[in-house]
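Here's the structure, in structure tokens; my notes come after.
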Amino acid sequence: MTDTQSALDAVSNSNTVQNISQGPMAEKAKEQANKTSNEFSNVAASRQIPDQKTATGQNLTHYHSMFYNILSWENPRVSGIAYASIVTFIFFTRYVPVLKYFFKASYMILGIVAAAEIAGKLIFERGLASQMRPRKYYTIPRQNLEAALEDVEQLINFFVIEFQRIVFAENVYATVAAFTSALIAYFLVKFVPKWGIALIATSVVFFVPLVYIQNRELIDGHLNNASNVINQQATQVRDLAAQHTGRAGEVAKSTMSQYSAKAQDLIGQAKNKTTGTTSSDSTTASSNGPASTGTTSTGLSSEPLNTSSTNGIKREDFPSAPQESFPAAPSAEPIRRTEVPTDPMPQTLPAQ
């Protein structure tokens, strides 16, 4: 033991080890390690509920702040490590049969434990696995479990809130970006495997914000120009729609006025025709009264009707009156009186 310790001390005190441990590379590594540790501390400290609220007035989760910190590359080492970890996990699940190795390790460990327990009871009358059993089984403290469940709840609510904000267009640019991503994924899923889509999605989520941050002024300028063009086109469309609507209203109003005037003219003409016909009929009736000659005993004229027209209505349009007199009603026959005897019953009955 003493010889081993002395050998280790000799190696650690050698010039080569001292140059490596205290050289520029070691100092650089320590510096990067300290910066990485500080960035992880910054990300952990950023897990605070932001002051920004949703359009409905609800509070966001602390995962909004943390994911924004990671995806905005405010701490580039943490963002790079997160991206590399996700990509490694995707390739690991793609090329390593995790489920197969899990079941293989399970049956091997359980088989060794069972064999050791049985062999110990047969040989030493005491099982080997039972000798390694702890005095008290490990349990998860309630505080730790509640904290973990709270984090899980916040994580689930993060995705639920963001999904609703995208669906209900709280930020129209995010909705358009989600639409574009879904459309591209719809066509990619036909010939790209699932792990490839996951890799593409991860790269887009991490690098699109980085590209935007690096070229924020240029992208914002183009977005503002596009917004101005869209607003101008929308204004022109609204003006044209208002003009066409006004013209259509004027045309409809003038058309209704014309049809109303025509309807009034037709009603006036019909009234005039009706008045002329009534006056003509009254004149004809007075000229063909009982004082005129050539009438029958019933008061009807035997002369034919005048064929002259009055206000466009001709006499021939009406049927002629009958020339014969009405037949007399038949005389009723007198009712004959039949005498009824006053005492129809005999006074005496015949003798028996």
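The values are calculated or read from the model by the stated rules, or taken from the named source; none is laboratory data. This one's a predicted model, so the numbers in the text were calculated from it and none came from an experiment. Cβ placement follows ideal geometry from the backbone for every residue including glycine, while neighbour counts extend to all protein chains displayed.
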Review point. Residue 143 passes all but one of (1) part of a helix (DSSP H, G or I); (2) surrounded by 12 or more Cβ atoms within 10 Å (Cβ to Cβ); which number fails?
Key: (2)
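Residues are listed down the side, and each one gets a yes or a no for (1) within 29 Å of the chain's Cα centre (by Cα); (2) loosely packed, with under 10 Cβ neighbours inside 10 Å; (3) under 23 Å from residue 78 (Cβ atoms):
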position: 174; (1), (2), (3): yes, no, no
position: 199; (1), (2), (3): no, no, yes
position: 213; (1), (2), (3): no, no, yes
position: 218; (1), (2), (3): no, no, no
position: 227; (1), (2), (3): yes, no, no
Review point. Are any residues in segment 100-131 modelled with pLDDT under 90, surrounded by fewer than 11 Cβ atoms within 10 Å (Cβ to Cβ) and part of a helix (DSSP H, G or I), and if so, which ones?
Key: 122, 123
Exercise for review: Could you identify the single residue in 179, 187, 206, 158 that is in contact with a His (Cβ under 9 Å, 6 or more places away or on another chain) and closer than 30 Å to residue 89 by Cβ?
Suggested key: 158
Practice item. Can you tell me which residue among 170, 150 is under 30 Å from residue 52 (Cα atoms) and in a helix (DSSP H, G or I)? Key: 150
Exercise for review: With the condition kept exactly as written, say whether any residue in segment 63-77 is outside any helix (DSSP H, G or I), surrounded by 10 or more Cβ atoms within 10 Å (Cβ to Cβ) and in contact (Cβ under 8 Å) with a residue 40 or more places away in the chain.
Suggested key: yes
Revision key, fill the gap. Residue pairs within 6 Å by beta carbon, gap of at least six or interchain, first lying in segment 104-118 and free of Cβ contacts under 8 Å to residues at least 12 places away in the same chain and on the phi > 0 side of the Ramachandran plot, second surrounded by 10 or more Cβ atoms within 10 Å (Cβ to Cβ) and aliphatic (A, V, I, L, M), listed first then second, are none
Study note, to complete from the structure: Given the conditions (1) among the polar types (S, T, N, Q); (2) touching a residue at least 12 places away in the same chain (Cβ under 8 Å); (3) closer than 30 Å to residue 215 by Cα, every one holds for residue 88 apart from (2)
Check your understanding: Does residue 156 satisfy being loosely packed, with under 15 Cβ neighbours inside 10 Å and either over 26 Å from the mean Cα position of the chain (by Cα) or in a helix (DSSP H, G or I) (or both)?
Key -> yes
Exercise for review: Determine whether segment 162-173 contains at least one residue that is among the aliphatic types (A, V, I, L, M), closer than 27 Å to residue 91 by Cβ and modelled with pLDDT of 90 or more.
Suggested key: no
